[in-house]
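A.B. asks: Can you keep this structure in mind? I'll have questions shortly.
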């Protein structure tokens, strides 16, 4: 992997709660914005923007599964507010964060039931 892109991916993953502009990322990587986007897509398989939003969604899902509220998950992952997170989450996942939490809880309860049955 191109060292500038490896650095950018690490930087993005560590700064998901901040505003990440392509101009800033490209400048820090020592590339023009256009070149940064081309090289990033070649190595990561998606554009820098898609990578950032994908990482944010994975982090939000992880935080929600760990019991964080949608409002705090939104702040920890760079969304403007809970409303912004809810709109993006629903467009991306087809359900609201609350519905996602409910599904996670029911899946966890089903897994616990299955474990209890196997143990008995």
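Since every read-out is calculated from the coordinates, none of them should be taken as a lab result. Computed from a predicted structure; not experimentally measured. Cβ sites come from the backbone with ideal geometry, for glycine too, and all protein chains shown count toward neighbours.
A.B. asks: So for 116, 68, fewest C-beta neighbours within 10 Å to most, what's the order? Write down the numbers at each step before the final one.
C.D. replies: Numbers: 116 9, 68 18.
Neighbour counts put them in this order, fewest first: 116, 68.
A.B. asks: Tell me whether region 1-45 comes out rounded, prolate or oblate; compute the Cα gyration tensor, take square roots of the eigenvalues as a ≥ b ≥ c, and use a/c under 1.5 as the rounded threshold.
C.D. replies: Cα axes put region 1-45 in the oblate bin.
A.B. asks: So for the chain, averaging the separation of alpha carbon pairs under 8 Å that are six or more residues apart and normalising by length, what relative contact order in percent results? Working shown, then result.
C.D. replies: Working: 84 pairs, mean separation 23.3, N = 120.
Relative contact order, the chain: 19 percent.
A.B. asks: Would you mind pulling out the separation of the Cα centroids of region 91-117 and region 10-60, in Å?
C.D. replies: The two parts, judged by their Cα centres, are 31 Å apart.
A.B. asks: If one takes the longest principal axis of the Cα atoms in the chain, at what angle in degrees, from 0 to 90 and to the nearest 10, does the Cα axis of helix 48-65 lie?
C.D. replies: Value to nearest ten degrees: 20.
A.B. asks: Per 0.36 nm of contour for each residue apart, how much would the distance between residue 49 and residue 69 grow if the chain were fully extended, relative to their Cα-Cα spacing? Spell out each step's value before the answer.
C.D. replies: Values: separation 20, 0.36 × 20 = 7.20 nm, distance 2.50 nm.
Here the answer is 4.7 nm.
A.B. asks: Shifting gears a bit: Taking R0 as 30 Å, what FRET efficiency do you get between residue 42 and residue 95 from their Cβ-Cβ distance, rounded to the nearest 0.05?
C.D. replies: Working: r = 33 Å, r/R0 = 1.10.
It comes out at approximately 0.35.
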